[in-house]
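Written below as structure tokens is the structure these notes are about.
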Amino acid sequence: MREASSKLIITIDGPAGVGKTTIGQMLAARLGLNYLDTGAMYRAVTWQALQSAVNLAPPNEAALVELGRNLNFVSRDATPEEATDERQYTVMLDGQDVSQQLRSPEVEKWVSVVAAVGPLRQEMVERQREIARQNAGIIMIGRDIGSVVLPDADLKIYLDASPEVRAVRRSRQKTSKTVAENAAEEARRNLEKRDQIDSQRTVSPMVIPEGALVIRTDHLNPQEVMAQIEAALTDWLP
Ligand code: CDP
């Protein structure tokens, strides 16, 4: 086993609805580490942009960068009361709980457009690296974490699954109002649209990071995914 003082850094990337947050949280609990879902940061900027009527078609890049720079963002585990709405974690913006708002249909519709803005990404990537520096080990979840944000991580994981499987999983999650109200078909359309923008954008497109452990999760439950990750982490496990 490695020194307890070693700073274990794990990245989890992959397309929408593949189970990155679920696995990230399980892994964080197993290893006693913090985790950060960076998607929530892009959702937060998107929500604020919608609130303040910032133009998104085409995106007003300067205004988005300004929002990103001033983002007063905190994410933490949900309390038992908060978790009754089936959220995966709680996000506070300027001291206000916006966890539900970040899963709204409007945010789902625009987040990939916002996340394709290069100068905003630079701002977010710097923040994410700073968060990694400040933590004694972290699990960071997103689309470009192993490829761009933390390419020297100790373990880089890429989770994948077919669009059909991901849509079914997402439509079962009650966290999102969109999803609770919509059928799997609608979830599939939304995921496909976002996947397309995320993997085709010019800045930091979603890719399998070099050296990543790739796990296809179509036929695996979370425990089976965890077993594969733990096999790659034997040096680090208590
Ligand atoms: O939970 P889900 O996988 O559906 O989405 P998310 O992780 O909350 O990410 C929402 C959107 O943010 C993605 O579709 C990407 O457009 C963007 N994103 C990104 O560009 N880079 C990241 N590191 C994380 C999210």
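Figure legend. Inter-residue proximity from the stretch 203-224: first residues free of Cβ contacts under 8 Å to residues at least 60 places away in the same chain and farther than 28 Å from residue 117 by Cα, second residues assigned to a loop (DSSP other than H, G, I, E, B) and among the hydrophobic types (A, V, I, L, M, F, W, C), beta-carbon distance below 8 Å, spacing 6+ or different chains. Indicated pairs: 216/161; 218/161.
The sole residue among 98, 148 that is open to solvent by 40 Å² or more (accessible area, probe 1.4 Å) and either among the aliphatic types (A, V, I, L, M) or touching a Ser or Thr at 6+ places or on another chain (Cβ under 8 Å) (or both) is 148. For the stretch 127-142, the set of residues classified as in a loop (DSSP other than H, G, I, E, B) and open to solvent by 40 Å² or more (accessible area, probe 1.4 Å) consists of 136 only.
Name, by its number, the condition in (1) among the polar types (S, T, N, Q); (2) at pLDDT below 95; (3) not in a loop (DSSP other than H, G, I, E, B) that does not hold for residue 175. Going through the list (1) among the polar types (S, T, N, Q); (2) at pLDDT below 95; (3) not in a loop (DSSP other than H, G, I, E, B), residue 175 breaks only (3). Within the stretch 192-212, is there a residue that is more than 14 Å from the ligand (Cβ to nearest atom), under 29 Å from residue 86 (Cα atoms) and not in a strand (DSSP E or B)? No.
Please find, within the stretch 9-24, the residue that is nearest to the ligand (Cβ to nearest atom) out of those that are touching a helix residue (DSSP H, G or I) at 6+ places or on another chain (Cβ under 6 Å), open to solvent by less than 20 Å² (accessible area, probe 1.4 Å) and not in a loop (DSSP other than H, G, I, E, B). In this case the residue turns out to be 13. Apart from one condition, residue 164 fits all of (1) surrounded by fewer than 20 Cβ atoms within 10 Å (Cβ to Cβ); (2) at pLDDT 95 or above; (3) away from the ligand (no atom under 13 Å from the Cβ); the exception is (2).
For the stretch 55-105, filtering for residues that are part of a helix (DSSP H, G or I) and small (Gly, Ala, Ser) leaves 4.
Which one of these is modelled with pLDDT of 95 or more, at negative phi, open to solvent by less than 20 Å² (accessible area, probe 1.4 Å) and within 15 Å of the ligand (Cβ to nearest atom): 50, 67, 36, 27?
Details: 50 fails: open to solvent by less than 20 Å² (accessible area, probe 1.4 Å); 67 fails: open to solvent by less than 20 Å² (accessible area, probe 1.4 Å); 27 fails: within 15 Å of the ligand (Cβ to nearest atom).
Result: 36 is the single residue among 50, 67, 36, 27 that is modelled with pLDDT of 95 or more, at negative phi, open to solvent by less than 20 Å² (accessible area, probe 1.4 Å) and within 15 Å of the ligand (Cβ to nearest atom).
Just to be sure I understand, how many residues within the stretch 35-54 are in a loop (DSSP other than H, G, I, E, B) and of a type in the set (A, V, I, L, M, F, W, C)? Full working, then the answer.
Pass one, the stretch 35-54, residues in a loop (DSSP other than H, G, I, E, B): 38, 52-54.
Going one step further and asking which of them are of a type in the set (A, V, I, L, M, F, W, C), we end up with 53-54.
Qualifying residue count for the region: 2.
Residues that are in contact with a helix residue (DSSP H, G or I) (Cβ under 8 Å, 6 or more places away or on another chain), open to solvent by 40 Å² or more (accessible area, probe 1.4 Å) and under 30 Å from residue 108 (Cα atoms) within the stretch 221-238 comprise just one, 222.
Count of the stretch 114-155 residues, restricted to those that are more than 8 Å from the ligand (Cβ to nearest atom) and among the hydrophobic types (A, V, I, L, M, F, W, C), is 13.
The values are calculated or read from the model by the stated rules, or taken from the named source; none is laboratory data. In this text the structure is predicted, and so the values were computed from the model without any measurement. Every residue, glycine among them, receives a Cβ derived from its backbone with ideal geometry; neighbour counts consider all protein chains shown. When the accessible area is computed, the model is the full protein with side chains, heavy atoms only, and any ligands, DNA or RNA have been set aside. Shrake-Rupley method; radii C 1.70, N 1.55, O 1.52, S 1.80 Å.
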